[in-house]
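First the structure, in the form of C-alpha cells, and then the observations on it.
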Amino acid sequence: MQDILKKLGIEDINPGGFCGEWFASGDKLDSASPINGQRIASVTQITPAEYDRIVVRAQEAFNKWRTTPAPLRGETVRQLGNALREHKAELGALVTMEMGKIRAEGEGEVQEMIDICDFAVGLSRQLYGLTMPSERPGHRMYEQWHPLGVVGVVSAFNFPVAVWSWNCALAAVCGDATLWKPSSKTPLTAIACTKIAERVCRETGADPAIFSLVIGRGSTIGEQLINDKRIPLVSATGSCRMGYRIGEVVGKRLGRTILELGGNNAIIVTPNADLKMATRGILFGAVGTAGQRCTSTRRIIVHDSIRDELVEKLVAGYQQVTIGDPLKDGTLMGPLIDTGAVDDMFAAIKHVKEEGGEILHGGQKLEGDQYPGGGYVTPTIATACNEYSIVQDETFAPILYIITYSTLDEAVRLHNDVPQGLSSAIFTSNLLEAEQFLTAAGSDCGIANVNIGTSGAEIGGAFGGEKETGGGRESGSDAWKAYMRRQTNTINYTTELPLAQGIKFGD
C-alpha cells in the first residue's frame, strides 16, 4: 500500500486545498479503508477563508483558459488521459483501498476516466453552433457556445474518481475551470487525481488552477460552494436528500445544476427471456460494487410463470459470489463503505420483513478475522410488493427485491411506480415486448436497456435520469452544452435597418 501511495504522491498528512498550490489549515480528516478499518492517511481540510482564496484563483485561471483555442484545451485533456493510463493500476488500487470495490472495478473506473478524456479531445474540435435563416433581408443569424465559468463538482464516494472526470474533461475543453469537492469518505483519491492533473497542466502550460480542489465539511465548505454566485453551475452526485438541498439553494440564486441522484432501478424479465443471460445481468447489477452504484439493480419484476425458476438460478448464482478482500484476485464483492451503510442495510431488511416480505437468500453480517472492518455482508434476495415503503426508497446496499407480474402493461406500471428514474432494463427475445418497453409509454427512466442490465453505462451516451434522480446529464452525446452558455448572434450587413416580424417604427 505504501508503494502505491508514494507513486501517487500521497503523504501521511495531505493538504486538502489546491488552486495551483497546495494548502489547508483546518481540521484533520482521517481516511480509513473499509477493507480492514485501518487508517490509510489523513487530510487537512480547508477553512472558509481558504475556500474563497481558491475560488478567486480558479476564476483567474478561467479568465485565461476561456480564450485558449478549444483544440489546445483538448491537448491538455489528451495529456491528462495519457497520464491516467500511466497510473491506471495505482489509482485503481487506491480506489479499491479507499472505497472498497474490487480491484477490477477500481481499474475499470479509471478506464472510464481515460475514455471520457478521449471523448473530450474529439469534442474540443466539435463545439458546433447552428446557422439559421434570418427573416430580414441582408442579415445573417447564427448561434455559438461560450465557456460558462467555474463549475462546482460535488462527487460521491461510490465513484470517487470517474464522476470528477466526466465533469472536468468536458468542462476543460468547453473552456471552464472546475472546483471539486469530493466525498469526505474518499478524499485521497481526489488528491491523487488532482496531483496528476497538476503535473499535466505544468507540462502543457495550462494554469493548474483550472482543476481546483476543496476538501472540507459539507456543512461549511459544501454550503459555501452551493451558495456561491461565482459558481454558475453545480454538478452534484449523491442522495435525493442532498439533491433537494442543492437544487433549492442553487435555484434560488438562479444558478444551474446537473443532479445525478438516487436510482431505484428495475429489470423486467418476461417469459421470452434468456434466463441464463438475465441471471448474469441481474447478478452483476445487484452485487457489483456491493450494491453501491446509483445504477445498481434494486428490483426484479418477473412474470409469475417463471418466477420460481429465476429465483432458483439467482440463489445459485449468489451462493457462488466470493466475498472478502477486494484487492485479492477472485473476490467478487468487497465491503460496504462503512458500518453506517451496514446499519442501513439491516434496517431495510427488518423493514421489508415487517411489511410482509420474505428473505430468500443472504442478509447476514460477516464477522471474524477474515472480515475485518465491520463492512462485510452477504447480498440479499427478498420477496416484496412494489408499494412497500422500503421498496419505494433506495437502500444503498446489495438488497434485491423480487416482484411478480401477469401482463407486460402491469410490469411497466410497476416499473415506473417509484419516485426515481435513472436506469432500467428488460430481458426478452420478443421484439414487440422490447419495443413497447422503449416507447414513450414504456420505461420512464433516463436509461433504458434491452437484454443487458441496469449498470455499465457507456461514455458515448448521455448519463442521467428523471424524476427524483435529478434530470441532469453527464458524459456523452450533447451533455457538453450544460457546461457552456449559448449565444444567438445576428449580423446586419446592409445600410438598412428592417425590424423583425415586419414591424414599422417611425419613418
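Quick notes on this one:
- Counting only strands (runs of 3 or more DSSP E) that sit wholly inside the range 367-433, those with at least 3 residues that are within 27 Å of Phe463 (Cβ to Cβ) and open to solvent by less than 20 Å² (accessible area, probe 1.4 Å) are 399-405, 423-427.
- Residues (part of a loop (DSSP other than H, G, I, E, B) and open to solvent by less than 10 Å² (accessible area, probe 1.4 Å)) located in the range 160-198: Pro160, Val161, Cys174, Gly175, Asp176, Pro182, Thr186
- Members of the range 207-230 found to be open to solvent by 10 Å² or more (accessible area, probe 1.4 Å) and part of a loop (DSSP other than H, G, I, E, B), listed by number: Asp207, Arg217, Asn227, Asp228, Lys229, Arg230
- Within the range 204-218, tally of residues that are without any contact (Cβ under 8 Å) to a residue 40 or more places away in the chain and under 21 Å from the mean Cα position of the chain (by Cα): 1
Conditions (1) hydroxyl-bearing (Ser, Thr, Tyr); (2) open to solvent by less than 50 Å² (accessible area, probe 1.4 Å), marked per residue:
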position: Glu458; (1), (2): no, no
position: Phe463; (1), (2): no, yes
position: Thr488; (1), (2): yes, no
position: Ile491; (1), (2): no, no
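- The listed residue being β-branched (Val, Ile, Thr), in a helix (DSSP H, G or I) and within 17 Å of Phe211 (Cβ to Cβ), out of Ile4, Ile54, Ile46: Ile54
- Residue list for the range 434-449, restricted to those being in contact (Cβ under 8 Å) with a residue 60 or more places away in the chain and in a strand (DSSP E or B): Ile447
- Any hit, the range 122-141, residues being free of Cβ contacts under 8 Å to residues at least 60 places away in the same chain and part of a helix (DSSP H, G or I): yes
- Residue check for Glu86: open to solvent by less than 30 Å² (accessible area, probe 1.4 Å), acidic (Asp, Glu), at negative phi and at pLDDT 95 or above: no
- Flag for Glu107 being open to solvent by 20 Å² or more (accessible area, probe 1.4 Å), farther than 20 Å from Ala172 by Cα and under 24 Å from the mean Cα position of the chain (by Cα): yes
- Candidate set from the range 235-271 (those that are within 22 Å of Ile447 (Cα to Cα) and β-branched (Val, Ile, Thr)); member that is farthest from the chain's Cα centre (by Cα): Thr270
- Here Phe463 does not fit the description of being out of contact with any strand residue (DSSP E or B) (no Cβ under 6 Å at 6 or more places or on another chain), closer than 21 Å to Ile246 by Cβ and of a type in the set (Phe, Trp, Tyr).
- Any hit, the range 343-350, residues being over 22 Å from Asn36 (Cβ atoms), modelled with pLDDT of 95 or more and surrounded by fewer than 18 Cβ atoms within 10 Å (Cβ to Cβ): yes
- Number of the condition not met by Cys201 [criteria: (1) in contact (Cβ under 8 Å) with a residue 40 or more places away in the chain; (2) under 20 Å from Thr395 (Cα atoms); (3) in a helix (DSSP H, G or I)]: (2)
- Any hit, the range 42-57, residues being on the phi > 0 side of the Ramachandran plot and either in contact with a Ser or Thr (Cβ under 9 Å, 6 or more places away or on another chain) or open to solvent by less than 50 Å² (accessible area, probe 1.4 Å) (or both): no
- All conditions in (1) closer than 16 Å to Gly9 by Cα; (2) out of contact with any strand residue (DSSP E or B) (no Cβ under 7 Å at 6 or more places or on another chain) hold for Met97, with the sole exception of (2).
The values are calculated or read from the model by the stated rules, or taken from the named source; none is laboratory data. On a predicted model such as this, the values are computed, not experimentally measured, just so you know. Note that we place each Cβ from the backbone using ideal geometry, even for glycine, and neighbour counts take in every protein chain shown. What goes into the accessible areas is simple: the full protein's heavy atoms, side chains included, and nothing from ligands, DNA or RNA. Shrake-Rupley method; radii C 1.70, N 1.55, O 1.52, S 1.80 Å.
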